[in-house]
Amino acid sequence: MPPRWFPRALLRARNGTCVRPAVGVVFTKETVVTWVLRPAIFLDRDGVINANRSDYVKSWAECEILPGSQDALRRLAALHWPVVVVTNQSPIGRGILSMETVEEINTRLVTVIAEAGGRIDLVVYCPHHPEAGCGCRKPQPGLLLYAANALGIDLGHSYLVGDAESDVLAAQAAGVYPILVLSGRGEHQLTLLREHKVDHFHVVADLSEAVTWILAREE
Ligand SMILES: [Mg+2]
Ligand SMILES: [Zn+2]
């Protein structure tokens, strides 16, 4: 059976809302069907949608949504691209936070964004300790590749908005175009990126400016 998200992908393909499609093919026992790989917007969570905390966001009460990010996500929803949050949550691996708490924070964030007219289609997170050597903790591209596989995403035409060097590097490793926001850890991380001579990313003040820039290019 095609995965559960398939019919929506097919609908999008039929009503022509997908921009610059690449075609993929699914073979099932009885049918051969085609669908369209769609570009997506990847968003880091802390420092982009909500305020970054050096001691981690450990509860919903500590999840302070940044001014303008709800409105930015509402405007972004009009693009009809999948919106995917990709977030490192090492406090789980460090034994500071449970997966249940992180999932509760994520779920409440998605709900609040939806109530404000925005849309987050998927949240994927890395629960591992930085020393675990996993393939999903950014700057590794694993979270992006997982989402691309699950949702049929055309990585080469997608964007990632993040506030850290690790976001920029994860995007580049997945073939996604990186946008660095100066909110959160962005100012300091931009210095690091320049020191490390990392190139080919766009810099904006915050998520609102990132969305304006993306919409101007893609609408
Ligand atoms: Mg961040
Ligand atoms: Zn991981």
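State yes or no: is residue 208 under 12 Å from residue 41 (Cβ atoms), buried (at least 17 other Cβ atoms within 10 Å of the Cβ) and either assigned by TED's automatic domain parsing to the domain that holds residue 76 or not hydroxyl-bearing (Ser, Thr, Tyr) (or both)?
no
Are any of the residues in the stretch 175-186 out of contact with any Pro (no Cβ under 8 Å at 6 or more places or on another chain) and either of a type in the set (D, E, K, R) or not assigned by TED's automatic domain parsing to the domain that holds residue 143 (or both)?
Checked against the condition, which is being out of contact with any Pro (no Cβ under 8 Å at 6 or more places or on another chain) and either of a type in the set (D, E, K, R) or not assigned by TED's automatic domain parsing to the domain that holds residue 143 (or both), the stretch 175-186 yields at least one hit.
Sort out which residues of the stretch 123-133 are surrounded by 15 or more Cβ atoms within 10 Å (Cβ to Cβ) and either away from ligand 1 (no atom under 15 Å from the Cβ) or outside the structural domain of residue 110 (by TED's automatic domain parsing) (or both), and write them in order of number.
Within the stretch 123-133, 127, 128, 129 meet the criteria.
Checking residue 167 against (1) surrounded by 15 or more Cβ atoms within 10 Å (Cβ to Cβ); (2) within 16 Å of ligand 1 (Cβ to nearest atom); (3) at pLDDT 95 or above; (4) over 27 Å from residue 37 (Cα atoms), only one condition comes out false. Which one?
(4)
Of all residues in the stretch 86-107 being assigned to a helix (DSSP H, G or I) and charged (D, E, K, R), which is nearest to ligand 2 (Cβ to nearest atom)?
103
List the residue pairs whose Cβ atoms are under 8 Å apart, where the first residue sits in the stretch 127-139 and is farther than 11 Å from residue 88 by Cα and in contact (Cβ under 8 Å) with a residue 24 or more places away in the chain, the second is assigned to a loop (DSSP other than H, G, I, E, B) and near ligand 2 (Cβ under 6 Å from one of its atoms), and the two are 6 or more positions apart or on different chains.
From residues that are farther than 11 Å from residue 88 by Cα and in contact (Cβ under 8 Å) with a residue 24 or more places away in the chain, there are no pairs.
Report yes if residue 173 is surrounded by fewer than 18 Cβ atoms within 10 Å (Cβ to Cβ), within 16 Å of ligand 2 (Cβ to nearest atom) and at pLDDT 95 or above, otherwise no.
yes
So if I check each of 136, 63, which one is under 14 Å from the mean Cα position of the chain (by Cα) and either within 16 Å of ligand 2 (Cβ to nearest atom) or at pLDDT 95 or above (or both)?
Only one candidate passes the filter, namely 136.
If only one of 95, 68 is within 19 Å of the chain's Cα centre (by Cα), surrounded by fewer than 18 Cβ atoms within 10 Å (Cβ to Cβ) and among the small types (Gly, Ala, Ser), which one is it?
Exactly one residue qualifies, and that residue is 68.
May I ask you to list the residues in the stretch 170-196 that are within 13 Å of ligand 1 (Cβ to nearest atom), under 13 Å from residue 86 (Cβ atoms) and not small (Gly, Ala, Ser)?
178
To keep it simple, each residue is scored yes or no on (1) within 24 Å of residue 69 (Cα to Cα); (2) of a type outside the set (Ser, Thr, Tyr).
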residue	(1), (2)
117	yes, yes
122	yes, yes
143	yes, yes
150	no, yes
157	yes, yes
164	yes, yes
180	yes, yes
183	yes, no
199	no, yes
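Can you say whether residue 144 is more than 16 Å from ligand 2 (Cβ to nearest atom), in the same structural domain as residue 48 (by TED's automatic domain parsing), under 23 Å from residue 217 (Cβ atoms) and under 13 Å from the mean Cα position of the chain (by Cα), as far as the supplied structure shows?
It is false that residue 144 is more than 16 Å from ligand 2 (Cβ to nearest atom), in the same structural domain as residue 48 (by TED's automatic domain parsing), under 23 Å from residue 217 (Cβ atoms) and under 13 Å from the mean Cα position of the chain (by Cα).
Would you pick out the residues in the stretch 134-160 that are farther than 15 Å from residue 122 by Cβ and within 13 Å of ligand 1 (Cβ to nearest atom)?
Residues satisfying the conditions are 137, 138, 139.
Take the conditions assigned to a loop (DSSP other than H, G, I, E, B), more than 16 Å from ligand 2 (Cβ to nearest atom), modelled with pLDDT of 95 or more and at negative phi and apply them to residue 112. Does it pass?
No: the conditions fail for residue 112.
The values are calculated or read from the model by the stated rules, or taken from the named source; none is laboratory data. Everything quoted here is computed from the prediction, not taken from an experiment. Virtual Cβ from ideal backbone geometry, glycine too; neighbours counted across all protein chains shown.
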